[in-house]
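Single-structure report; data block below.
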Amino acid sequence: MQNRASVLLAAAMFIASTGFAKDKKPPLPFTVLQARTVSVLVDPDAGVSVEDPRANQIAQKDVETAFLNWGRFLPLLSGQPADLIIVVRRGHSHLVDDTILDPRQNNRPGVINPTDNGIAVGGQRGPQGNPQGNMPNAPPPGTTTPSAPSQIEVGAPDDSFVVYQGGVSNPLDSPPIWRYITRDGLHSHDVPAVAAFRKAIAETEKAAAKKP
């Protein structure tokens, strides 16, 4: 009787586990599969590191290049309506880092064009979603000025890649639809965060194909 009970218990656990697998939710909402454009932003709350002032902007460009090489999504400059909003932020090498607040990090004049080598940013006429557009003598984002306020920023060492639904009012005020936070997740060239997002897209496509 004891052996039979063990067999029945094992069978019940197997059925429960397979049933759970069938009901497992996809990593992304199905609406993401219709998205075609992305806007990659530096986290508005991220300060500019004194040691590496262009870290977040380099990560932003690396992510855009990875999306262009993928070919599924077209990166757009901030200020242009996009289907998805990607917010990136490099982790800190120190538990406490000296940073400078710079709201211009996402102000980039130009347009993003696909090229054989990945990405090209060309000039444009007039401002595009740029509150500094009427200040031609303003220093470029990522540089510091004597009057720039410094702050002590406490942050995790992990890089952050967070996806929000575009096409809505104040998208960053809504809950994110996917996030990837890990050390060196925005590492240049290979950009593991985009690779993980590609995997999430593939898993969601499989789930959508099985949906009645």
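I'm checking my understanding of the structure. Among residues of the stretch 158-183 that are in contact with a Gly (Cβ under 8 Å, 6 or more places away or on another chain) and surrounded by 14 or more Cβ atoms within 10 Å (Cβ to Cβ), which one is nearest to VAL87 (Cα to Cα)? Walk me through it before giving the result.
First pass over the stretch 158-183, keeping only residues in contact with a Gly (Cβ under 8 Å, 6 or more places away or on another chain): 158-161, 183.
Then drop every residue that is not surrounded by 14 or more Cβ atoms within 10 Å (Cβ to Cβ), which leaves 158-161.
Values: ASP158: 14, ASP159: 11, SER160: 8, PHE161: 6 Å.
The extreme case among them is PHE161.
Going by the conditions given, is PHE161 modelled with pLDDT of 95 or more and in a helix (DSSP H, G or I)?
no
Can you name the residue in the stretch 167-194 that is in contact (Cβ under 8 Å) with a residue 60 or more places away in the chain and assigned to a helix (DSSP H, G or I) and is also farthest from ILE58 (Cα to Cα) among such residues?
Top of the filtered list is PRO171.
Return only the number of the condition from (1) outside any loop (DSSP other than H, G, I, E, B); (2) crowded, with 20+ Cβ neighbours inside 10 Å; (3) at pLDDT 80 or above that LEU28 does not satisfy.
For LEU28, the failing item is (1).
The values are calculated or read from the model by the stated rules, or taken from the named source; none is laboratory data. For clarity, every value in this text was computed on a predicted model and none was experimentally measured. Note: ideal-geometry Cβ built from the backbone for every residue, glycine included; neighbour counts use all protein chains shown.
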